[in-house]
Amino acid sequence: MSKPQPIQPVHLTKASTIKQSGGQTEGMIRSNAIVDKCDGICATSMLAKPHTASAIHHHGDQDTIIYAVKGRGSVISEGGKKKVDLEPRDFALIPAWSEHQEVNDGDEDVIWTIVRSGRIPEVVNLTGWNGEPINSS
């Protein structure tokens, strides 16, 4: 019995080559790690400087998984009514179209690894909760 062959070789993105991507918010640095390499999944990182918050945004039809690498940060959702705190080694799922905001209220950087259910990450910043889109990227 023959087994399927890989479509492409193993891909490595060295940390030294990762560059900032679109959808930036002051104090929140999003960077593409593995993007546009395969169907249905991409990976990015997010660095949140101390005492910063992202714009309220969503990721369109992409589900998002967060893995907390460093620091303690939060995800605010449900129109600002729900707060989920993450510390290193925690995971969180943000469903498609879910409006949310990342927050770093602490004195240290927060670093999260982000995996999305799309080939290229989508970030739609909004004017506020249930607001109009400001940009897409």
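None of the figures in this text is laboratory data; all of them are computed from the coordinates on show. None of these values were measured; they are calculated from a predicted model. Note that we place each Cβ from the backbone using ideal geometry, even for glycine, and neighbour counts take in every protein chain shown.
The residues of region 29-63 that are of a type in the set (A, V, I, L, M, F, W, C), in contact with a Ser or Thr (Cβ under 7 Å, 6 or more places away or on another chain) and within 20 Å of Gly131 (Cα to Cα) amount to a single one, Ala55. Filtering region 99-108 to residues that are among the charged types (D, E, K, R) and crowded, with 16+ Cβ neighbours inside 10 Å leaves Glu99, Glu102. None of Ala96, Ala53, Ala15 is without any contact (Cβ under 8 Å) to a residue 40 or more places away in the chain and surrounded by 15 or more Cβ atoms within 10 Å (Cβ to Cβ) except Ala96.
Scan region 18-32 for residues that are touching a residue at least 40 places away in the same chain (Cβ under 8 Å), farther than 17 Å from Val75 by Cα and in a strand (DSSP E or B) and the total you get is 1.
Being of a type in the set (S, T, N, Q), surrounded by fewer than 21 Cβ atoms within 10 Å (Cβ to Cβ), within 21 Å of Glu26 (Cα to Cα) and over 11 Å from the mean Cα position of the chain (by Cα): is that true of Ser45 here? Break it down into steps so the answer makes sense when it comes.
Working: of a type in the set (S, T, N, Q): yes; surrounded by fewer than 21 Cβ atoms within 10 Å (Cβ to Cβ): yes; within 21 Å of Glu26 (Cα to Cα): yes; over 11 Å from the mean Cα position of the chain (by Cα): no.
Taking the combined requirement at face value, the residue does not satisfy it.
Among the residues making up region 98-118, a single one is in a strand (DSSP E or B) and of a type in the set (Asp, Glu): Glu102.
Within region 118-128, being over 11 Å from the mean Cα position of the chain (by Cα) and either closer than 17 Å to Thr44 by Cα or buried (at least 16 other Cβ atoms within 10 Å of the Cβ) (or both) holds for Gly118, Arg119, Ile120, Val124, Asn125, Leu126.
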